[in-house]
1. Quick check for me: using +1 on Lys/Arg Cβ and -1 on Asp/Glu Cβ, what's the dipole size of segment B:605-758 about its Cα centre, in debye to the nearest 20?
2. How many percent of all Cα-Cα pairs in the protein assembly as shown sit more than 68 Å apart?
3. Taking only the alpha carbons of segment B:179-259, what extent do you get along each of the three principal axes, in Å, biggest first?
4. Determine ³J(HN,Hα), in whole Hz, for all residues of segment A:312-324 in sequence, where each value follows from phi through the Karplus function 6.51 cos²θ - 1.76 cosθ + 1.60 and θ = phi - 60°; x replaces Gly and Pro.
5. Would you kindly give the portion of the calculated P(r) for segment B:431-503 that falls above 15 Å, as a percent of all Cα pairs?
6. I need the calculated FRET efficiency for the pair B:PHE406 and B:ALA437, taking r as the beta carbon distance and R₀ as 56 Å, to the nearest 0.05.
7. Rg/Rh for segment A:162-251: what does it come to with C-alpha atoms and Rh from Kirkwood?
8. What number, in percent, do you get for the relative contact order of chain A if the mean sequence gap of Cα pairs under 8 Å and at least 6 apart is divided by its residue count?
Amino acid sequence: MALSSCTDLEIEESDSIISEGFQGLADASSTVDQLYIRLRDHYGNQSNRFALSEVTSDAAIVPTRGTDWGDNGEWSSLHQHLWTPEHVQVINTWNEFNGSQLIASQVLDSRSNPSATNTGDASFIRAFSMYTILDYFGQVPFRDVTLPSSSVPEILTGDAAVSLILADLDVAIANLPSVSAGSGDANGRASKAAARFLKAKVLLNKQVFNGSGSADGADMTAVISLVDEIAGEGYDLQAGYFELFRDSPDNETIMWVSSEVGNRIFNGLHYNSTSEGGGGWNGFATLAEYYDLYEGDPNSNRVALDETPLDGQEERRGGVPSAGLPFTSRPGTTDEGGFELSSNVGNGFLAGQQYALDGTPLQDRAGAPLTFKRDFLDGTGSPSIINNDETTGIRVIKYAPRFGAFARHEIFFRYADAHLMKAEAMMRSGGDPTAMVNELRTIRGATPLGTVSEQDLLDERGRELFAEAWRRNDLIRFGQYTRDWLFKAPASINNDTYKLFPIPASQLLANPALIQNPGY
Amino acid sequence: MKITLLKSFLLVGALLCLGFAQAQEITGNVSDATGPLPGASVVEKGTTNGTQTDFDGNFTLSVGENATLVISYIGYSTTEIAVNGRSSISVTLTEDAEALDEVVIIGYGTTTVKDATGSVTSVTAKDFNGGVISSPEQLIQGKTAGVNIQQSSGEPGAGISVNIRGSNSVRANNNPLFVVDGVPLSGDNTSPSGDSGLGATAVRNPLNFLNPSDIMSISILKDASATAIYGSRGANGVVIITTKSGKAAGTGVFEFSTSLSVATPANEYDLLNRSEFLSAVTQFGGDASAVDFGAATNWQDVVTRSTASTNNNLSYSQNYGKGHIRATFGYQKQFGVVEKTDLERITGRINVTQRFLDDKLTLRFSGTISRVNDETAPLSATAGFRGDILGASYSANPTWPNSATFTDGGTQILPANLLAFSQNRTNTDRFLLNGSAEYQFTPELTGKINGGYDNSESENVSVISSNVQNLNGIEDIGFGVYNRLERENKLLEATLNYKKEFENSSLDVLVGYSFQDFQSRGRNAQGRGFQTKSLNQMGDDLRATVKGAESTISGSFQQFFYGTNSNGLIVNRLFPSVVAGDEIGFGFEKAVSAMTADVFDNTDELQSFFGRVNYSLADKYLFTATMRADGSSRFGPENQYGYFPSGAFAWKLNEEDFIGDNVSTLKLRLSGGLVGSQDGLGYGNFVARQRFAGVGTNTDLTVNGSGLTIVATDVPSLKWEETLSLNAGIDLGFNIDRFTASIDVYKSETTDVLLRTPPASPAIDPFQFGNVDATIVNQGIELALAYDFIQSQDVTFSAAFNMAYNENEVQDFGGAINTGAINGQGLSGAFAQRFEAGHSLYSYYMAEFAGLDASGQPTFVDQNGDGVGDVFQDKIFVGEDALPDYTGGLSLNLRVKNFDVSTYFAGQFGFSVYNNTRNGLFTSGSITNARNVTQDLVTSGEAAGTSADVSTRYLEKGDFVRFQNATLGYNVPLTGEGLFKSMRLSVTGQNLFLITDYSGLDPEVTVATGDLGSGVPTRGIDWAAFPAPRTITFGINASF
């Protein structure tokens, strides 16, 4: 029935740019900016990518303390390997990185007229997004933006997915600028070095993605040469471990993202740990077994007021000072009446009694001494992931709050990781990684190892890269992700189901080509 | 051709009749108790011969010798009087409330109760609820079967939830379409939401602009046969509000009413006092001395209050024969029972009707102008783990002193501090103009053009000063939000109406065209880093800075902002081409350190063609057929137009010979039809759209720019959601309708459900509007009974009762959507409801609580068979939902001479409330952390530091009966000689008592705690809801 219309009922382009279907972006550069903002938001959060990488491993646990951190079980189920296709962080991670992948595809579409740098940035972010989805879910949905939005995306797995990611990275390497080490702000965006780092990461994990289970020699050679190319632009190991996690330039930082680091800081700290930022959130802690990877007194982790370790620990384990660290002449800090606000918190792994700036032993909110304990016990004294008090668990601090809790500078890719990737590639292609691992250990003030086994290499990665969101990835590549650890559900031990996260249930309805991962 | 023949035949017949009768001239006068009645209809019985009374109530008519005159006037009993050869007749009509009842406003016309084919209920002024009424829908709360009007909050001016026959839609806006004097409103909020610093405040009720005392009647169209004339917006029912006119006034009447109301919170929590608190802290293993700040404060009393409110209305109305006029002025100031909540409303309204050209042309004009000033405390449904000012007052340590400057150095909200150093004000100006011209071409054919213009401008300024404590990013800095929202709704309608009486039947045909245009535009801005601590000055500074910055920008723009990291004002532009980060220098005074602003402007259009045919045969068989075609700019070319047909049949059995005389009414009604819904969909969801992503000020006073992002993905197939509804009803009346009953049975099925669901990844927005393959079924029964027990000169007593049963079920849906966010400490990501096939909307989904074990730890029923009852792994549908199965109301009205008493009880049954307040605040984890709790927790046996996750432990039956309203009135006997023509004194109590097992303050509650992004709204969740007030109102109404 045709009706004569007095109005065409067409909507007007009054406050947004309208097109029927995707016809190209209005301004590719601006959308690339937004892609970096997304990366910042997705990476800086304690949930989603960070939690899926850390809390699902032996490196992090978020026990329920009274009513705190119950949160619909989202934390305990991650650590216990009891997540389901409804897990909100699983769904969010899927959505976040798939979304970035699609936006990057839109930038890369010729109708968006991307510049060479736009193409490099978008290719890099698309590769990282697809890599993340492949790593977590084992399948990557890919949408061709030239097709109508109602079309159903194709699903890529294994070598096909890896090829697509590697192809993007080659485009990224070709189009991105060369940014040398220590360039400060320029390291806040992707560069040839960042793309090479990611390519090395993808090649190293390819045996997991394609299910072959053994490293391909050519891939390992490629990893080694990619790391060498990165080093060729001046990137190198650098002494002074905790100085690396500041917003000042250094030679190790290949790429950082502009997330506020306060999120990493306050997650673990107790409410009374510091007055900065309103105190901590008293959640994240690490397992004693992870803490025990480091040398040093297992029951004490103190440092002197000049940060000299007092318990035989290596530099990376940090330590707790008995009072605020005096202002003296520490570069880049500001004076707070002789002490740096929150300089009483310490670095690295916080165990035992905690102190206020003036040296007073801190108490928890119920008035008990604030001593961070190795174990997780409930009110009846039994090991438990729920009903903990406020003091259980050793806390982890990588970004020292006295350097600015709200500094927007979080490490994304770091040369020490590249260095260890090269060592691993050598090991996986029949070489000996001992010298390389000891090179790092020497810089970190740790005792050199005799010979480095596969286990040693995994442990070294754990020690060097704690809280940098690589632990799950490493454990899977080294075949240890399904082993038993504290509070892992019995049925999940040695259960391969949990090596991949489940596809969100609503996606199985929306795209029939998606097949739920086995076991869910 | 046939019609013409029939007409000629009738004409000849009439002439013949006249020829035989002996004509005579009769003059007369019609009056009512107050004087002459202009405009009354005088008709010779059995003929079309008639006239109307003039300005002085006089008439002249040529009639037959033995004629009987039928004299009628809306609102008065129709009187028949035999001429008996007299040449002059004087008649006094008596007011008849029943008669007034009979006229029912329906879409684009009126009908009578007797002739209605659809399910339509009308409530008129005399039956309205009394007391403090801040919004029109409260006038009819509980008065009508199947219309569930929820008090979403006791806050003055709070939003509304009106559900007609259950919930058809799965979107936040399940409200019906509101039509005010023929202008369909847009249904969107007219005031922007502010940010209390803890989350957004609740939006205001869009009907606040109407003065309830201006309303004459409210019609509720319930079934598709009645609502189909509103097409794509009729699925949730239609509420037609008609304002008072001067028609019944006669020679100028002033009416004045004033009332004073006193309100107190009807209920409060049984919190621990100082000493109880300290001993409870010890009992749960804490160090009482560490949390004792020395004072004894009842924080609940600090935040709530008893208040006095006033409402004053003055009206003048006059009927001068060729027209009538009514003008009113109203002023209401209502204070909420929470500190810093109030609503001030100033309204003016005028209704004018004038007839021209031998009464063939009728012009009508009505206009409302209103100003509503709202103030609200830091109240927010989504305040997160600490709760808003109410939650904070419940959990505040009672040993804290009641001092605005006190701080414990912790992380809790300090109620006295936050109250003193925050301010949230909204001003809304709105005018609604409506003009129509109706011309009678022939006695049968009438045409009408109707224009409407609805304009609102609203500003919200909410600020928190740097004096506030324990709020990161605001403490020592100051924060403010300044939002502006303008809406403009234009309506143009043309209708043609053909009415024809035949010998044994009558026909009423309506065709029409309607065009409506809804524009909304505005600006959302925020500022951080204030130099002043004065709340008023902060608001002024923010406004001046935003407006100052805006005035320096030339050309079009979407965003402008600056922070301490900017070297100039940064502007993001979309048109004529995209410019990101255009830096234009600071040509204005920066009174705040960081500021961001984002503008929006969009327009939706609706074009409709409609028609309706009413045909009645032998005054026994009534037929209605309706069709509307709606074109909407919210949908793409594939589905721009929707067609909404309906049909209805009614059979007046009481007109049949085989029904006895004692049955005064017996009518059977059947109807069916298709209606649509597009509310909540919003602008441009079927095309791809790009805008700059949102920007905000950082806590370090910098601002990061944003890039262009896709805000909508094209969904070319997007269409309205459709509801097929069927209705069968019986109306019964005995003993000249002294007893009446009405029963309706209905079923409606909503398909193509418009819902934000996850599209196939990769997608930019994880939720996007689409038509989901699901069916939502509502079926139920409605019953209304009324009986006049006593009808004597001095004493009358009547009762009216209504009851409705509704059953809701989601069917044919493949997925499961979690909703009903639960807030509180350790409850991030927690939820209580799930949308899934086989269950009602708002069904509760959670672990089943199995009691506390010997050590005081909660245990749960094992559902998945792994031998362990786990609160997270063992969730099920627990068989409860938040939609009441039964709703009912009972009114009792007694009049003894000049005294009258009316009472009204309301009840809802068969639903559950999730007590989020108890779950989020009153736990052992709270007392362990030195947050206050209720008395019952202390003796509950719960161990210290237990986790408190969502389970049936906090799910409670919500069934209640409320003594909603009681009015005692006295009509002062007046001679009519003095200044006053009438005077009435009254006292009204509202919410006098509540019978319920629910342990919270009030089970009739819905706090929009969040939907986890799905867009499926929450219902039945009590998260520190605004306390319902108990109100006593003293009123005087006088006319002179």
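1. Taking the Cα centre of segment B:605-758 as origin, the dipole is about 320 debye.
2. 17
3. The Cα atoms of segment B:179-259 stretch 55, 40, 18 Å along the principal axes, largest first.
4. x, 7, 6, 3, 5, 7, x, x, 9, x, 8, 6, x
5. Summing the P(r) tail past 15 Å for segment B:431-503 gives 72 percent.
6. The value I calculate is 0.30.
7. In segment A:162-251, Rg relative to Rh is 1.02.
8. It comes to 18 percent, rounded to a whole number.
Taken together, the values in this text are just the output of simple stated rules run on the coordinates, not laboratory data. Treat the numbers as computed from the prediction; the structure is a model and nothing was measured. Positions of Cβ are backbone-derived with ideal geometry, glycine not excepted, and every protein chain shown enters the neighbour counts.
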